[in-house]
Amino acid sequence: MSTLVPNQVLKQHSIRRTNCRVDVLGEFITAQHALSQPDLERAIGEEYDRVTIYRTLTLYLEKCIIHKVLDDSGAMRYALCREECSTHAHDHVHFKCVVCGNTNCIESVQVPAIQLPAGYQLQEINLLMSGVCKDCG
(Lines give C-alpha, C1' and ligand atoms only; values in the text may rest on other atoms or scores of the structure.)
Protein backbone atom coordinates (compact mmCIF):
# COMPACT_ATOMS: atom_id res chain seq x y z
CA MET A 1 0.00 0.00 0.00
CA SER A 2 2.96 2.31 -0.54
CA THR A 3 1.48 4.37 -3.38
CA LEU A 4 -1.92 4.98 -1.86
CA VAL A 5 -3.80 8.16 -2.57
CA PRO A 6 -6.46 8.96 0.06
CA ASN A 7 -9.14 10.10 -2.41
CA GLN A 8 -8.75 6.88 -4.43
CA VAL A 9 -8.98 4.69 -1.32
CA LEU A 10 -12.17 6.45 -0.22
CA LYS A 11 -13.67 6.00 -3.68
CA GLN A 12 -12.72 2.31 -3.80
CA HIS A 13 -14.50 1.74 -0.49
CA SER A 14 -17.54 3.88 -1.41
CA ILE A 15 -16.83 6.37 1.36
CA ARG A 16 -17.92 9.97 1.01
CA ARG A 17 -14.93 12.29 0.96
CA THR A 18 -14.50 14.71 3.84
CA ASN A 19 -11.40 16.67 4.73
CA CYS A 20 -11.02 14.75 8.00
CA ARG A 21 -11.22 11.37 6.26
CA VAL A 22 -8.60 12.42 3.74
CA ASP A 23 -6.31 13.85 6.42
CA VAL A 24 -6.57 10.81 8.72
CA LEU A 25 -5.84 8.42 5.86
CA GLY A 26 -2.99 10.64 4.74
CA GLU A 27 -1.44 10.37 8.21
CA PHE A 28 -1.53 6.56 8.05
CA ILE A 29 0.01 6.54 4.58
CA THR A 30 2.75 8.98 5.53
CA ALA A 31 3.61 7.37 8.88
CA GLN A 32 3.73 3.78 7.57
CA HIS A 33 3.41 2.49 11.14
CA ALA A 34 0.57 2.05 13.60
CA LEU A 35 -1.00 5.22 15.00
CA SER A 36 -3.17 5.84 18.03
CA GLN A 37 -6.04 8.30 18.20
CA PRO A 38 -3.88 10.64 20.33
CA ASP A 39 -1.17 10.46 17.62
CA LEU A 40 -3.76 11.59 15.08
CA GLU A 41 -5.08 14.29 17.38
CA ARG A 42 -1.57 15.71 17.77
CA ALA A 43 -1.02 15.63 14.00
CA ILE A 44 -4.36 17.01 12.80
CA GLY A 45 -6.39 17.71 15.94
CA GLU A 46 -6.35 21.46 15.54
CA GLU A 47 -8.73 21.10 12.61
CA TYR A 48 -10.96 18.24 13.85
CA ASP A 49 -12.39 17.35 17.23
CA ARG A 50 -11.80 14.05 19.00
CA VAL A 51 -15.25 12.65 18.14
CA THR A 52 -14.80 13.30 14.41
CA ILE A 53 -11.45 11.51 14.42
CA TYR A 54 -12.94 8.62 16.43
CA ARG A 55 -15.83 8.26 13.97
CA THR A 56 -13.38 8.26 11.07
CA LEU A 57 -11.34 5.49 12.72
CA THR A 58 -14.52 3.48 13.36
CA LEU A 59 -15.58 3.84 9.72
CA TYR A 60 -12.13 2.78 8.50
CA LEU A 61 -12.27 -0.29 10.76
CA GLU A 62 -15.70 -1.23 9.39
CA LYS A 63 -14.50 -0.82 5.80
CA CYS A 64 -11.27 -2.80 6.47
CA ILE A 65 -9.03 0.12 5.60
CA ILE A 66 -7.29 -0.12 8.98
CA HIS A 67 -7.04 -2.79 11.69
CA LYS A 68 -6.46 -2.68 15.43
CA VAL A 69 -2.97 -3.18 16.78
CA LEU A 70 -2.64 -3.74 20.52
CA ASP A 71 0.61 -2.73 22.14
CA ASP A 72 2.15 -3.34 25.52
CA SER A 73 1.24 0.13 26.82
CA GLY A 74 -2.46 -0.67 26.62
CA ALA A 75 -2.97 2.00 23.97
CA MET A 76 -5.06 1.05 20.97
CA ARG A 77 -3.24 1.67 17.74
CA TYR A 78 -4.36 1.23 14.16
CA ALA A 79 -2.50 0.27 11.00
CA LEU A 80 -3.36 0.18 7.32
CA CYS A 81 -4.74 -3.12 6.06
CA ARG A 82 -3.25 -4.92 3.11
CA GLU A 83 -4.96 -4.18 -0.19
CA GLU A 84 -6.59 -7.63 -0.34
CA CYS A 85 -7.96 -7.39 3.21
CA SER A 86 -11.66 -8.04 3.52
CA THR A 87 -11.81 -9.10 7.19
CA HIS A 88 -9.79 -8.37 10.28
CA ALA A 89 -8.49 -11.94 10.51
CA HIS A 90 -4.92 -10.74 10.07
CA ASP A 91 -2.34 -13.47 10.26
CA HIS A 92 0.78 -11.36 10.71
CA VAL A 93 2.71 -10.18 13.74
CA HIS A 94 3.19 -6.65 15.01
CA PHE A 95 6.61 -5.41 16.06
CA LYS A 96 7.13 -2.60 18.58
CA CYS A 97 10.52 -0.93 18.63
CA VAL A 98 11.89 -0.37 22.14
CA VAL A 99 13.93 2.59 20.86
CA CYS A 100 11.51 4.71 18.79
CA GLY A 101 8.24 3.22 20.12
CA ASN A 102 6.74 2.68 16.65
CA THR A 103 4.67 -0.43 16.01
CA ASN A 104 4.80 -1.96 12.53
CA CYS A 105 3.01 -4.80 10.79
CA ILE A 106 5.45 -7.54 9.80
CA GLU A 107 3.42 -9.30 7.14
CA SER A 108 6.22 -11.67 6.13
CA VAL A 109 6.01 -13.38 9.55
CA GLN A 110 2.84 -15.41 9.95
CA VAL A 111 1.09 -16.16 13.23
CA PRO A 112 1.39 -19.90 13.90
CA ALA A 113 -1.78 -21.98 13.83
CA ILE A 114 -3.22 -22.41 17.30
CA GLN A 115 -5.49 -25.30 18.28
CA LEU A 116 -7.88 -24.23 21.03
CA PRO A 117 -9.51 -26.68 23.44
CA ALA A 118 -13.06 -27.84 22.71
CA GLY A 119 -15.66 -25.22 23.47
CA TYR A 120 -13.46 -22.21 22.70
CA GLN A 121 -14.16 -20.12 19.62
CA LEU A 122 -11.38 -17.94 18.20
CA GLN A 123 -12.30 -14.42 17.19
CA GLU A 124 -9.01 -12.58 17.00
CA ILE A 125 -5.29 -13.13 17.48
CA ASN A 126 -2.88 -10.36 18.40
CA LEU A 127 0.81 -11.18 18.45
CA LEU A 128 3.14 -8.39 19.51
CA MET A 129 6.89 -8.76 19.34
CA SER A 130 9.32 -6.16 20.64
CA GLY A 131 12.92 -5.33 19.95
CA VAL A 132 14.87 -2.84 17.84
CA CYS A 133 13.45 -1.95 14.41
CA LYS A 134 15.46 -1.74 11.19
CA ASP A 135 15.57 2.08 11.38
CA CYS A 136 16.97 2.16 14.93
CA GLY A 137 19.24 -0.91 14.74
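The values are calculated or read from the model by the stated rules, or taken from the named source; none is laboratory data. Keep in mind it's a predicted model, so treat the numbers as computed, not measured. Neighbour counts run over all protein chains shown; Cβ positions are idealised from the backbone, glycine included. Heavy atoms of the whole protein, side chains included, go into the accessibility calculation; ligands, DNA and RNA do not. Shrake-Rupley method; radii C 1.70, N 1.55, O 1.52, S 1.80 Å.
Along the axis of the charge dipole computed for segment 1-70 (Cβ charges of +1 for Lys and Arg, -1 for Asp and Glu, origin at the Cα centre), the listed residues S14, G26, L61 are led at the positive end by S14. A 1.4 Å probe, protein heavy atoms only, puts the accessible area of Y48 near 40 Å².
For segment 16-36, the residues whose backbone nitrogen is under 19 Å from a point 7 Å from the Cα of A75, taken along Cα to Cβ, are 24-36. At 1.4 Å probe size, with the rest of the protein present, what percent of the exposed accessible area of segment 6-137 is carbon and sulfur atoms? Exposed carbon and sulfur together represent 49 percent of the surface.
Hey, can you find the accessible area per residue of the chain for me, probe 1.4 Å, expressed in square angstrom?
64 Å²
Run down the lysines and flag those whose C-alpha is under 16 Å from the C-alpha of K63, throwing out any fewer than 8 positions away in its chain. Within reach: K11.
Modelled spin-label separation between V5 and L61, with each label point placed 7 Å from Cα along the Cα-to-Cβ direction: 3.0 nm.
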